[in-house]
Amino acid sequence: MPETDYAQFEMKSPQDRSVMNVLYGLHAVAPFTMWSLSVVALVVNYIKRGDEHDALYVMHHNYMISTFWWTILWLVLTSPLFLAFLIPGFVAWSIIGVWYVYRFVRGWLRFSNHVPPT
């Protein structure tokens with residue numbers, strides 16, 4: 001007789017939702033802390049995603065992780081603008097920061113409504 005994986009039937013606790021809300025909050029305020037809180041949240045995202053069985057939670061972890069790495073990519077690609085011209089660099093990084101916060105606020109709202117982040 002095959003064994004049943006009871007983890008699939010496990011209901012999400014309020015603590016699980018609280019962890020996700022804290023992670024979204026850390027990511028959302030990260031641009032104002034020179035991205036340090038985002039690195040902490042990213043590590044927790046990777047750890048929690050590995051333990052997660054709920055597809056909705058996995059999608060939200062993936063969403064936060066991919067948003068972080070896309071932001072890093074765009075920050076690196078636009079960093080030469082600071083070497084040549086200061087104003088375009090600030091404009092580019094401001095746009096990236098606004099996009100980053102928008103993605104996390106949008107994802108957070110969708111998580112609150114029990115909807116996938118896409």
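The values are calculated or read from the model by the stated rules, or taken from the named source; none is laboratory data. Because the structure is predicted, anything quoted here is derived from the model rather than measured. Heads up, the Cβs are rebuilt from the backbone with ideal geometry, glycines too, and the neighbour counts pull from every protein chain shown.
Here are the numbers:
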| quantity | calculated |
| --- | --- |
| Unmet requirement for residue 76, which otherwise passes all of (1) in a loop (DSSP other than H, G, I, E, B); (2) of a type outside the set (S, T, N, Q); (3) without any contact (Cβ under 8 Å) to a residue 12 or more places away in the chain | (1) |
| Pair list, Cβ under 7 Å, 6 or more apart: segment 54-69 residue under 12 Å from residue 100 (Cα atoms), other residue among the charged types (D, E, K, R) and surrounded by 14 or more Cβ atoms within 10 Å (Cβ to Cβ) | 67/103 |
| Number of the condition not met by residue 116 [criteria: (1) at pLDDT 95 or above; (2) touching a Lys or Arg at 6+ places or on another chain (Cβ under 8 Å)] | (1) |
| Which listed residue, of 72, 87, 65, is of a type outside the set (D, E, K, R) and at pLDDT 95 or above | 65 |
| Meets criteria (more than 24 Å from residue 109 (Cβ to Cβ), aromatic (Phe, Trp, Tyr) and surrounded by 12 or more Cβ atoms within 10 Å (Cβ to Cβ)) for residue 68 | no |
| Test: residue in segment 79-93 that is without any contact (Cβ under 8 Å) to a residue 40 or more places away in the chain, among the β-branched types (Val, Ile, Thr), part of a helix (DSSP H, G or I) and exposed (fewer than 14 other Cβ atoms within 10 Å of the Cβ) | yes |
| Yes/no for residue 90 being farther than 18 Å from residue 22 by Cα and not β-branched (Val, Ile, Thr) | yes |
| Residue list for segment 40-61, filter: of a type outside the set (Phe, Trp, Tyr), in a helix (DSSP H, G or I) and surrounded by 14 or more Cβ atoms within 10 Å (Cβ to Cβ) | 40, 41, 42, 44, 45, 48, 49, 56, 58, 59, 60, 61 |
| Number of the condition not met by residue 37 [criteria: (1) of a type outside the set (Phe, Trp, Tyr); (2) assigned to a helix (DSSP H, G or I); (3) more than 20 Å from residue 96 (Cβ to Cβ); (4) modelled with pLDDT under 95] | (3) |
| Qualifying positions in segment 94-111 - among the hydroxyl-bearing types (Ser, Thr, Tyr) and surrounded by 14 or more Cβ atoms within 10 Å (Cβ to Cβ) | 100 |
| Selection within segment 94-118 - part of a helix (DSSP H, G or I) and in contact with a His (Cβ under 6 Å, 6 or more places away or on another chain) | 104, 111 |
